[in-house]
Amino acid sequence: MKRKTVTNKVTLVLAFTLLGVSLYAQQLEVIIDEALLNSPEIQKYELQYKIASEKVNAVNTLPNTEFGLGYFVSEPETRTGAQRFKVSAKQMLPWFGTITSRANYASALADATYVDIVIAKRKLMASVSQSYYNLTANQAKQAVLTENIKLLQTYETLALTSVEVGKASAVDVLRLQMRQNELQQLKAVLAYQFSAEQANLNNLLNRDSTISVKLSEELTIPSAASEIDPENLSLHPELLKYDKLYQSVEQSEVLNQKERSPMIGFGLDYINVEPRPDMNFSENGKDILMPMVSVSIPIFNKKYTSQSRQNELEQREISMQKQDRLNALDTRLQQAIAERESARISFDIQNKNLKQARDAEEILIKNYETGTIDFNDVLDIQELQLKFQMNQIEAVKTYYIQSTIINYLIQ
C-alpha cells in the first residue's frame with residue numbers, strides 16, 4: 001500500500017508578497033491594498049497630517065490689528081476747542097523673516113507627522129502579512145491532520161482484518177482509534193484558532209470579522225533567498241522620523257532668534273475736536289490726526305536664551321534616541337535573518353526525516369503482507385511523520401514571518 005504524500009499539501013511556492021517572488025503573492029497583495037485603503041489608523045494619521053499642514057496657514061499671518069475708541073467724559077479744552085472722543089488703530093509687524101520662520105517651523109512639524117503615516121502603513125502591511133501566513137499555516141496543518149486521520153482509518157481496517165485472522169489483538173484497534181481521537185481534537189483546536197486569526201485579519205481590514213478569507217493553499221520556502229542590504233536600514237522611516245524632528249528643532253531655533261528681535265508698530269490716532277462757539281479763527285474745531293510709530297524690544301530676553309538652550313538639548317536627545325533606535329532595529333534585523341535561515345535549515349531537516357519515516361512505513365506495510373506487522377510500530381512511525389510534517393509547516397511559517405519583519409526593516 002502506498003501512502004499519499006501529505007507534504008504535497010505544502011509544496012507550491014507562495015513567496016513573500018512584498019519581496020515580489022511569486023505569482024501566488026497576488027492574493028496577499030490584494031488583501032494588503034484593502035487594509036491600507038480601509039484602515040482607521042491610517043486615516044487617523046492622515047487627518048493628523050492635514051491638521052499639521054493647515055497650521056502652516058494659521059501661523060502665516062500678522063498679529064491682530066488693535067483698534068481703540070475713547071470718549072472724553074471730562075472734555076479737555078485746547079486752543080482750538082474741546083476734545084470729544086478718540087479713535088486709534090495700531091498694527092505691530094514682526095521682524096523681517098519672522099513669519100516665514102513660523103511657517104517653516106510648522107511645515108517641519110507637518111513633515112514629521114507625515115512620516116507617521118509611512119510607519120503606520122509599514123506596520124499594517126507587516127501585521128496583515130503575518131496574520132495571513134498564520135492562517136495559511138493553520139490551513140496546511142488541518143490538511144495534514146485530515147490526511148493522517150484517513151491514514152489511521154486505513155490502518156484500523158488492516159488491524160480489524162488482522163484481528164479476524166488472529167494476527168493482531170483488539171487492543172491494537174483501540175489504540176488506533178484513540179490516536180484518531182487525538183488528531184480529531186487537534187484539528188478542532190486548530191479550527192477555533194483559525195476562526196480567531198481570521199477575525200483578527202478581518203479587523204485589520206476593517207470589515208466584518210466573520211468574512212471568509214481566501215488563502216493560497218500551499219506554502220514552501222523558495223530555493224534562493226532574497227538579497228539583504230543592511231545599509232537600507234538607515235533609511236527606515238522610524239529613523240527618518242528623528243531626522244524630521246531634528247530639523248523641526250532647527251527651525252524652532254531659527255524662529256526663536258527671529259522672535260527675540262524687535263517688533264515695529266505703526267498706528268494712527270484721530271481725536272475729534274468740537275469748535276469753540278465764542279471764537280472765530282481759522283483752526284477752530286480742527287480735528288487732530290496723529291501718526292504713530294512704536295518699537296517693542298525684548299530687553300529681558302532670558303526666555304529666548306533659555307529656549308535656545310532647550311533646543312540644543314533637545315537636538316542632542318533626538319540624536320541619542322535615533323542611535324538607540326538604530327541599534328534596536330539592527331538587532332531585530334540580525335535576529336530575523338538568523339531565524340529565517342534557521343527555518344530554512346529546519347525545513348530541509350524535516351524533509352530528510354520525512355523521507356526516512358516513509359521508508360520505515362513502507363517496510364512495515366511489506367511486513368504486513370508477510371503477516372508480521374506490529375501496530376505499535378505503525379503508530380510510532382505515524383506519530384513521527386505527523387511531527388515532522390507539523391514542524392515543516394511551522395518552519396515555512398517562521399520563514400515568511402521573519403521575511404515580513406526583514407521587509408519591514410529594509411524595504
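Taken together, the criteria place residue 35 among residues that are surrounded by 15 or more Cβ atoms within 10 Å (Cβ to Cβ), in contact (Cβ under 8 Å) with a residue 12 or more places away in the chain, among the small types (Gly, Ala, Ser) and closer than 30 Å to residue 207 by Cβ. It is to be established whether one or more residues within region 86-107 are in contact with a Phe, Trp or Tyr (Cβ under 9 Å, 6 or more places away or on another chain) and in a helix (DSSP H, G or I). Checked against the condition, which is being in contact with a Phe, Trp or Tyr (Cβ under 9 Å, 6 or more places away or on another chain) and in a helix (DSSP H, G or I), region 86-107 yields no hits at all. Restricted to region 272-297, and to residues there that are in contact with a strand residue (DSSP E or B) (Cβ under 7 Å, 6 or more places away or on another chain) and among the β-branched types (Val, Ile, Thr), the residue that is surrounded by the most Cβ atoms within 10 Å (Cβ to Cβ) is 273. If we scan region 313-324, do we find a residue that is in contact with a Ser or Thr (Cβ under 6 Å, 6 or more places away or on another chain), of a type outside the set (A, V, I, L, M, F, W, C) and within 30 Å of residue 238 (Cα to Cα)? No, every residue in region 313-324 fails to be in contact with a Ser or Thr (Cβ under 6 Å, 6 or more places away or on another chain), of a type outside the set (A, V, I, L, M, F, W, C) and within 30 Å of residue 238 (Cα to Cα). The conditions of being over 30 Å from the mean Cα position of the chain (by Cα), without any contact (Cβ under 8 Å) to a residue 60 or more places away in the chain, surrounded by fewer than 14 Cβ atoms within 10 Å (Cβ to Cβ) and over 25 Å from residue 178 (Cα atoms) are not met by residue 366.
A quick yes/no check of all residues on (1) assigned to a helix (DSSP H, G or I); (2) in contact (Cβ under 8 Å) with a residue 40 or more places away in the chain; (3) within 30 Å of the chain's Cα centre (by Cα):
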residue	(1), (2), (3)
293	no, no, no
298	no, no, no
303	yes, no, no
309	yes, no, no
315	yes, yes, yes
320	yes, no, yes
323	yes, no, yes
347	yes, yes, yes
352	yes, no, no
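Within region 393-411, the set of residues being outside any helix (DSSP H, G or I) and aliphatic (A, V, I, L, M) is empty.
Of all residues in region 231-276, those that are outside any loop (DSSP other than H, G, I, E, B) and over 30 Å from residue 28 (Cα atoms) total 30. Does region 298-310 contain at least one residue that is in contact with a strand residue (DSSP E or B) (Cβ under 7 Å, 6 or more places away or on another chain) and either over 26 Å from residue 183 (Cα atoms) or polar (S, T, N, Q) (or both)? The answer is no; no qualifying residue exists. Somewhere in region 207-230, is a residue surrounded by fewer than 19 Cβ atoms within 10 Å (Cβ to Cβ), part of a helix (DSSP H, G or I) and touching a residue at least 12 places away in the same chain (Cβ under 8 Å)? Yes, some residue in region 207-230 is surrounded by fewer than 19 Cβ atoms within 10 Å (Cβ to Cβ), part of a helix (DSSP H, G or I) and touching a residue at least 12 places away in the same chain (Cβ under 8 Å). Candidates in region 263-292 are the residues that are modelled with pLDDT of 90 or more and touching a Ser or Thr at 6+ places or on another chain (Cβ under 6 Å); of these, the one that is nearest to residue 73 (Cα to Cα) is 269. Within region 50-68, the presence of at least one residue that is buried (at least 19 other Cβ atoms within 10 Å of the Cβ), touching a residue at least 60 places away in the same chain (Cβ under 8 Å) and in a helix (DSSP H, G or I) is confirmed. Can you tell me which residues in region 180-199 are charged (D, E, K, R), in contact with a helix residue (DSSP H, G or I) (Cβ under 8 Å, 6 or more places away or on another chain) and under 21 Å from residue 385 (Cβ atoms)? Within region 180-199, 187 is the sole residue that qualifies.
The values are calculated or read from the model by the stated rules, or taken from the named source; none is laboratory data. Since the model is a prediction, treat every value here as computed from it, not as a measurement. Don't worry about glycine lacking a Cβ; one is built from the backbone with ideal geometry, like all the others, and counts go over all protein chains shown.
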